[in-house]
Amino acid sequence: MKLHWDGLIPILGGIYGLLVASGVVRVSRNAEANELWRKKFGGLMKILCPIVILFGLAILFGAFA
């Protein structure tokens, strides 16, 4: 089984998005702006990021090759 290493990009991006959406990683140094961003986009990011991670896993293991 050959791995397609370009699948790591969406996997890492999805993990980063989940960390931002859950408040572990800040988007801005300004706490108010950070909280405003999380209220605006956090819910959507918590839904979309796992899909992006699964897509990256599919690429990594060659589902689209």
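Here are some notes:
- Tilt relative to the chain, helix 8-22 - C-alpha long axis, 0 to 90 degrees, to 10: 20
- Among residues other than Glu35 with Cβ under 15 Å from its Cβ, the summed charge is +4 (Lys and Arg +1, Asp and Glu -1).
- Extents of the chain, largest first, come to 47, 19, 13 Å (Cα atoms, principal axes, whole angstrom).
- Tilt relative to the chain, helix 31-60 - C-alpha long axis, 0 to 90 degrees, to 10: 10
- Residues Val27, Val52, sorted so that the one with the fewest Cβ neighbours within 10 Å comes first: Val27, Val52
The numbers here are math on the coordinates, done by the rules we state, and not lab data. These numbers come from a predicted model, not from an experiment. Using ideal geometry, Cβ is built from the backbone for each residue, glycine included, and neighbour counts are taken over all protein chains shown.
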